[in-house]
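Heads up, the thing below is written out as structure tokens.
The values are calculated or read from the model by the stated rules, or taken from the named source; none is laboratory data. The model shown is predicted, which means the values in this text are computed figures rather than measured ones. When we count neighbours, we look across all protein chains shown, and the Cβ atoms used for this are built from the backbone with ideal geometry, even at glycine.
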Ligand code: COS
């Protein structure tokens, strides 16, 4: 196991940290009050080469590792989870295409975006009002009509949709086959995609989510990614990768909560001492630090596994739920350590609390992550022999 980065990737990680210090942290609180998509910051991130890292070199991208991507997401997440989500939206939107599309398809549909020729952003359209955790129940339909598909349906909670120009759409081509009937399409906005309700959220207000409406949207048949029916597995493989990215944003939030709390605890005096010297506060900081360290290692391991071409399903689920739970707990602890100041919106802790909550929900609730992880654990246990035996009805038997 080697989590070291190449020289190019190290420079990228340093650039992401510097970008966060220069552009994200100073403006995060002020921008979220206006509740607008941080267009100029995403544009700068694009120019700084922090986006589209996973697009292969043959399709005009930098072809960076998922491990490198997690360094960028942790750095930007430290500054603002909402902006990190906005900057990383293409990772989710284009991952199904990197997994299932041909290089020619990537060149036709994705390259113009990542080289800045046509729009810049994509949106991943899986969730519907009645298909959230149960992703296999999507009702959006795609019907073949000679050399085209006609798409009808409504997606919701779609990150960056109002500013996107390419939509990665999961739709059923054979509803009777349930998950085996789901297919995935690349749908340019210009084909008639329209926006519905824009969500008004508690946190991560520097990212935007909306409904996306497909009403008799016609796309050429070559917009199908892979084969008809490949969609569900492509979605699952996508999420195995991108959940490491969410874990990285969460690690950044958890670290920021620790840093703000520690800084406060070392300067805030009560009873004649910095409050960090009281064990109740000091031990809380220690627990917060351990959570950050563990979240970071789980995240990097999940990304590293994917980079090695190994199954990382269980480990990316571990990373996602552990890191986002750590972010939520650390943000809660930071608010508590900062007392009344923690609850003021001019101070940094309350935003961390609001932003962290979404990390436990999006890209698969933490309950879904535990479903994925526990299924893998039970599957692995079938070929497990711990060596323990009991006498059972007169014979040696594994415990029942
Ligand atoms: N990689 C490849 N294939 C996978 C897979 C993975 N990680 N996980 C499941 N599959 C395959 C299974 O092997 C199975 O294949 P077969 O039909 O050939 O047997 C198929 O997919 C169906 O798997 P399963 O029965 O486990 O699917 P479920 O419908 O029970 O759903 C969960 C499983 C809950 C894990 C899935 O629906 C999920 O991740 N839901 C959350 C969706 C989500 O994250 N939404 C957020 C929106 S994105 S912002």
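Residue selection: residue 169 fails the criterion of being buried (at least 20 other Cβ atoms within 10 Å of the Cβ) and more than 15 Å from the ligand (Cβ to nearest atom). If you go through segment 356-372 and pick out every residue that is in a helix (DSSP H, G or I) and within 16 Å of the ligand (Cβ to nearest atom), you end up with 10.
Which residues, taken from segment 144-156, are more than 16 Å from the ligand (Cβ to nearest atom) and under 17 Å from residue 193 (Cβ atoms)?
To start, the set of residues in segment 144-156 that are more than 16 Å from the ligand (Cβ to nearest atom) comprises 144-152.
148, 149, 150, 151, 152 - these are the residues of segment 144-156 that are more than 16 Å from the ligand (Cβ to nearest atom) and under 17 Å from residue 193 (Cβ atoms).
Kindly evaluate residue 375 against the criterion of being under 28 Å from residue 240 (Cβ atoms) and within 16 Å of the ligand (Cβ to nearest atom). Answer is yes for this residue. Note on segment 260-278: among residues that are touching a helix residue (DSSP H, G or I) at 6+ places or on another chain (Cβ under 8 Å) and either part of a helix (DSSP H, G or I) or within 18 Å of residue 359 (Cβ to Cβ) (or both), the one that is nearest to the ligand (Cβ to nearest atom) is 260.
Only a single item in (1) without any contact (Cβ under 8 Å) to a residue 60 or more places away in the chain; (2) within 17 Å of residue 138 (Cα to Cα); (3) in contact with a helix residue (DSSP H, G or I) (Cβ under 8 Å, 6 or more places away or on another chain) is not met by residue 230, and it is number (1). Checking each residue in segment 20-48 for being assigned to a helix (DSSP H, G or I) and over 24 Å from residue 111 (Cα atoms) picks out 20, 21, 22, 23, 24, 28, 29, 30, 31, 32, 33, 34. Any residue at all in segment 56-69 that is in a helix (DSSP H, G or I), within 16 Å of the ligand (Cβ to nearest atom), more than 14 Å from the chain's Cα centre (by Cα) and under 21 Å from residue 165 (Cβ atoms)? Within segment 56-69, not a single residue is in a helix (DSSP H, G or I), within 16 Å of the ligand (Cβ to nearest atom), more than 14 Å from the chain's Cα centre (by Cα) and under 21 Å from residue 165 (Cβ atoms).
Each row is one residue, and each column tells you yes or no for (1) over 28 Å from residue 77 (Cβ atoms); (2) in a helix (DSSP H, G or I); (3) more than 16 Å from the ligand (Cβ to nearest atom); (4) under 23 Å from the mean Cα position of the chain (by Cα).
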{"position": "180", "(1), (2), (3), (4)": "yes, yes, no, no"}
{"position": "197", "(1), (2), (3), (4)": "no, no, yes, yes"}
{"position": "204", "(1), (2), (3), (4)": "no, no, no, yes"}
{"position": "212", "(1), (2), (3), (4)": "no, no, no, yes"}
{"position": "222", "(1), (2), (3), (4)": "yes, yes, yes, no"}
{"position": "238", "(1), (2), (3), (4)": "no, yes, no, yes"}
{"position": "246", "(1), (2), (3), (4)": "no, yes, no, yes"}
{"position": "257", "(1), (2), (3), (4)": "no, yes, yes, yes"}
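Of all residues in segment 99-135, those that are out of contact with any strand residue (DSSP E or B) (no Cβ under 7 Å at 6 or more places or on another chain) and within 16 Å of the ligand (Cβ to nearest atom) total 8.
Only one entry of 292, 217, 253 meets the criterion of being in contact with a helix residue (DSSP H, G or I) (Cβ under 6 Å, 6 or more places away or on another chain) and assigned to a strand (DSSP E or B), and that entry is 217.
Just a yes or no: is a residue in segment 189-200 at pLDDT 95 or above, touching a helix residue (DSSP H, G or I) at 6+ places or on another chain (Cβ under 7 Å) and crowded, with 19+ Cβ neighbours inside 10 Å? Scanning segment 189-200 turns up no residue that is at pLDDT 95 or above, touching a helix residue (DSSP H, G or I) at 6+ places or on another chain (Cβ under 7 Å) and crowded, with 19+ Cβ neighbours inside 10 Å. Among the residues that make up segment 222-240, is at least one of them touching a strand residue (DSSP E or B) at 6+ places or on another chain (Cβ under 6 Å) and closer than 17 Å to residue 84 by Cα? Scanning segment 222-240 turns up no residue that is touching a strand residue (DSSP E or B) at 6+ places or on another chain (Cβ under 6 Å) and closer than 17 Å to residue 84 by Cα.
Please determine whether any residue of segment 318-329 is in contact (Cβ under 8 Å) with a residue 24 or more places away in the chain, part of a helix (DSSP H, G or I) and either at positive phi or surrounded by fewer than 19 Cβ atoms within 10 Å (Cβ to Cβ) (or both).
Looking for residues that are in contact (Cβ under 8 Å) with a residue 24 or more places away in the chain, part of a helix (DSSP H, G or I) and either at positive phi or surrounded by fewer than 19 Cβ atoms within 10 Å (Cβ to Cβ) (or both), one finds at least one in segment 318-329, hence yes.
Applying the condition of being within 12 Å of the ligand (Cβ to nearest atom) and assigned to a helix (DSSP H, G or I) to segment 303-317 and asking which residue is surrounded by the most Cβ atoms within 10 Å (Cβ to Cβ) yields 316.
Considering each residue of segment 95-103 in turn, at least one proves to be over 29 Å from residue 372 (Cβ atoms) and surrounded by fewer than 20 Cβ atoms within 10 Å (Cβ to Cβ). Among the numbered conditions (1) more than 14 Å from the ligand (Cβ to nearest atom); (2) under 26 Å from residue 135 (Cα atoms); (3) surrounded by 23 or more Cβ atoms within 10 Å (Cβ to Cβ), the only one that residue 351 does not meet is (2).
Sub-6 Å Cβ pairs linking a first residue in segment 361-381 that is on the phi > 0 side of the Ramachandran plot to a second residue that is part of a helix (DSSP H, G or I) and modelled with pLDDT under 95, at least 6 apart or interchain, number zero.
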